[in-house]
Amino acid sequence: MGFIAALIYTVLSLSLGIFLIGASLSLINVSTIFTFLETEIFSNFSTKSILLGVGTTLILLYVRYIQATFRRFRRNKAITFESPQGNVSITLFAIEDMLKKMLEERNEISHIKPKVFLRKKWIELNAQGVLMAEVNLVELTGQIQEKIKEKMQTLLGEDKKVKVNLEIKKVALGASSPEEISESKIPFRNYE
């Protein structure tokens with residue numbers, strides 16, 4: 001569906017762009033085009049029927065594309081489960097908040113920004129943070145990834161495949177407090 005919509009958008013955009021450029025540079029005579037459309041195309045009933053069908057098809061394809069986009073947008077905001085009692089829905093924001101609280105318990109990293117994405121066959125978790133201690137990164141990231149996977153499988157069940165990506169944005173080994181490494185400060189924020 002996405003390819004067809006992109007193709008239609010590209011063809012229509014290029015056609016309209018070429019027409020407008022040609023008309024503004026007087027390369028295309030607009031009155032000649034309208035005369036041709038009126039005498040050759042719109043006077044014939046079969047041509048009118050074809051144009052009506054093509055126009056209706058384009059509008060229906062566009063409406064279907066918009067519906068699919070909204071459905072995908074709505075569906076990707078929460079993880080939904082079927083249970084005998086009914087549906088259960090967990091928002092991605094709730095999962096991100098839980099991960100942030102879980103990772104903030106560790107002293108080695110701070111300023112954690114988790115982001116959860118739903119893919120077709122798995123759940124992808126991206127977490128960014130600042131390294132606060134001199135540690136073995138391979139061990140630390142492996143422990144964090146394993147802990148996140150365990151937590152997610154406990155929360156969502158063993159059948160959900162989880163992919164965890166970690167990114168260390170900054171290394172702040174000499175900083176005495178987390179406030180010293182914040183990226184942006186609001187001026188005059190501590191004044192009353």
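The fewest-to-most ranking of L61, L7, L166 by surrounding Cβ atoms within 10 Å reads L7, L61, L166. Taking the chain as a Gaussian network of alpha-carbon nodes connected by springs under 10 Å, the highest mean-square fluctuation of the residues L58, L25, L173 belongs to L25.
From the Kirkwood radius over Cα pairs of the stretch 2-75, Stokes-Einstein at 4 °C and 1.567 mPa s returns a whole-number translational diffusion coefficient of 88 µm²/s.
Positive-end ranking of Q153, N107, N136 along the dipole of the stretch 90-177, with charges on Cβ about the Cα centre, is headed by Q153. Take every DSSP beta bridge whose two residues both sit in the chain; close to 60 percent of them are antiparallel. Normalised by the number of residues in the chain, the mean separation of alpha-carbon contacts (under 8 Å, six or more apart) gives a relative contact order of 13 percent. Geometric descriptor of the stretch 90-177, per residue, is 88 Å³ (volume of the convex hull of the Cα atoms).
Using the Cα centre of the chain as the reference point, and only Cβ charges (+1 on K/R, -1 on D/E), how large is the resulting charge dipole? Debye, rounded to the nearest 20.
Numbers: 25 positive and 20 negative charges, 120 e Å.
The calculated dipole for the chain is roughly 580 debye.
Using a simple spin-label model with pseudo-atoms 7 Å out from Cα toward Cβ, K149 and R64 lie 4.0 nm apart.
Length gain on complete extension for the stretch S31 to L156, per 0.36 nm per residue less the alpha carbon to alpha carbon distance?
Working: separation 125, 0.36 × 125 = 45.00 nm, distance 6.48 nm.
Value of the extension gain: 38.5 nm.
Residue by residue, the stretch 4-12 carries 3J(HN,Hα) couplings of 5, 5, 5, 5, 4, 4, 5, 4, 5 Hz when phi is fed to the Karplus relation 6.51 cos²θ - 1.76 cosθ + 1.60 (θ = phi - 60°); x denotes Gly or Pro.
Counting every alpha-carbon pair across the chain, the share separated by more than 32 Å comes to 51%.
If each residue of separation counts as 0.36 nm, what is the full-extension length gain between K120 and F81 once their alpha-carbon separation is subtracted?
Values: separation 39, 0.36 × 39 = 14.04 nm, distance 1.51 nm.
Extra length from K120 to F81 when fully extended: 12.5 nm.
FYI, it's all coordinate maths here, none of it is from the lab. What you see is a predicted model; the values in this text were computed from it and never measured. Counting neighbours? That spans all protein chains shown, and the Cβs are built from the backbone with ideal geometry, glycine included.
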